[in-house]
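Reviewing the structure listed below.
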Amino acid sequence: MSDTTAVVPPVTVKCLVWDLDNTLWQGTLLEDGKVVLSEAVREVIVGLDARGILQSVSSRNDHDLAWAELEALGVADYFVVAEIGWGRKSDAVRRITERLDFAPGTVAFIDDQPAERAEVAFHLPDVRCYPAQDATTLLDLPEFNPKSVTVDARRRREMYQAGFRRTDEQTRFTGSDEDFLRSLELVMRIGRATDEELSRVEELTLRTSQMNATGVHYPDEALRALIADPGHEVLVTTLTDRFGSHGAVGVLLLEKRPAAWHLKLLATSCRVVAFGAGTIILNWLVDQAGRAGVHLLADFRPTERNRMMEIAYRFAGFDEQPCDCRDAVAGSSGDDVQVLHLVAERRAAPTTARLVAPDLTAGGPG
């Protein structure tokens, strides 16, 4: 009898934690004094980085000597939140996982010592462990092959490194939160989605739950259909500051009708909540609708996780007030979706970021 059970693909690894001695490099640094990084392992390091998979280190070594060796080998920049010291490897992997805010099931660990792998597996059973001899085969394994590699994924390591520098700066900053945001020299760009950005847009609609107004996933083909429709806008928000790029942090799906614009989806990355990204986006959209002389309708499906998005809508002025403009979208949003309403008005430009955005009023609504 044939097995018709569906094969569930493994969860993609988001971070690989390397042991150093006789794993990442050949030799024991403190004993041999000289170690060798094979070209095959170097290719794996570079290849994982290009796929957006972060890499870190958990090694029993002298930190300064080991890091100097990684720099001498030309690979130090590929590693984030390295844990090099003399404690338990499981504790090091746990700290890495927590600092990256990753679920343990998305983290992998590779080490030449069976006892070290067993210790990590015992304390962190969801972390996947690999023997050192498998290092050169990792690029071929399904769990190290993301379904798609977006523009942001290819620079994920750089964005995380910038984020750590940004956080360190904030801990030393003595002014108000608003003054700190101004000091970042934030630039938010809102633009119409390009083909290159579609995979990131799809990813945002799929993975963002806390700051997703409806939780609806829009696959690639649906997004392309909306882009081709002159009555719709598919808009992508990116954010940069003096530390680097945050990448694509928001997506808006907007239908423009003569009497009202219908915001079918707003999703923003949770990592930019502290920068007020959602508020800036909503105020810009309200201002655009105010200039166009139309009302705004916004779909919202409450879930256990998106309370922050509801607060953002309410704070922007959306409510359930009746209005004739609702007739245009009656029944189109689904029974479990609330359609919030706002009488649009002109809004002031943000004070904590420079906003670069298109004029949606060109040609009139609809």
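Some values worked out for this structure:
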quantity: Share antiparallel - DSSP beta bridges, the chain, percent rounded to 5; calculated: 55
quantity: Pairwise centroid distance, computed over Cα atoms, of the stretch 252-283 with the stretch 288-332, Å; calculated: 10
quantity: Length gained when the stretch residue 217-residue 151 is fully extended (0.36 nm per residue, less Cα-Cα span); calculated: 21.8 nm
quantity: Paired Rg and Dmax values of the stretch 213-294, which use every Cα atom, in angstrom; calculated: 13.7, 42
quantity: Cα-centre dipole for the chain with unit charges at Cβ (Lys and Arg positive, Asp and Glu negative), debye to 20; calculated: 980
quantity: Where only C-alpha atoms are counted, convex hull volume of the stretch 57-183 per residue in Å³; calculated: 159
quantity: Extreme residue, positive dipole direction of the chain, given options 303, 13, 265 (C-beta unit charges); calculated: 265
quantity: Rounded accessible area of residue 177 (nearest 10 Å², 1.4 Å probe); calculated: 120
quantity: Residue 185 versus residue 291: modelled label distance in nm, points set 7 Å from Cα along the beta carbon direction; calculated: 2.6
quantity: Ordering of 81-87, 236-242 by packing [mean C-beta count within 10 Å, highest first]; calculated: 236-242, 81-87
quantity: Within the chain, helix-based [θ] at 222 nm, where runs of 4 or more DSSP H residues each add -39,500 (n - 2.57), nearest 500; calculated: -9500 deg cm²/dmol
quantity: DSSP bridge orientation in the stretch 1-148 - percent antiparallel, rounded to nearest 5; calculated: 5
quantity: Cα coordinate range in the chain, projected on the principal axes (Å, largest first); calculated: 78, 68, 33
quantity: Under 11 Å, Cβ to Cβ, from residue 259 - net charge with Lys/Arg +1 and Asp/Glu -1; calculated: +1
quantity: Overall form of the stretch 11-104 per C-alpha gyration tensor (a/c, 1.5; a/b vs b/c); calculated: oblate
quantity: Counting all C-alpha pairs of the stretch 115-242, share separated by more than 16 Å (%); calculated: 77
quantity: Å² of accessible area per residue within the chain, as computed with a 1.4 Å probe and no ligands counted; calculated: 48
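The values are calculated or read from the model by the stated rules, or taken from the named source; none is laboratory data. Everything quoted here is computed from the prediction, not taken from an experiment. Because the Cβ atoms are built from the backbone with ideal geometry, glycine has one as well, and the counts that use them run over all protein chains shown. In case anyone asks, the SASA skips ligands and DNA or RNA and just uses the protein heavy atoms, side chains included. Shrake-Rupley method; radii C 1.70, N 1.55, O 1.52, S 1.80 Å.
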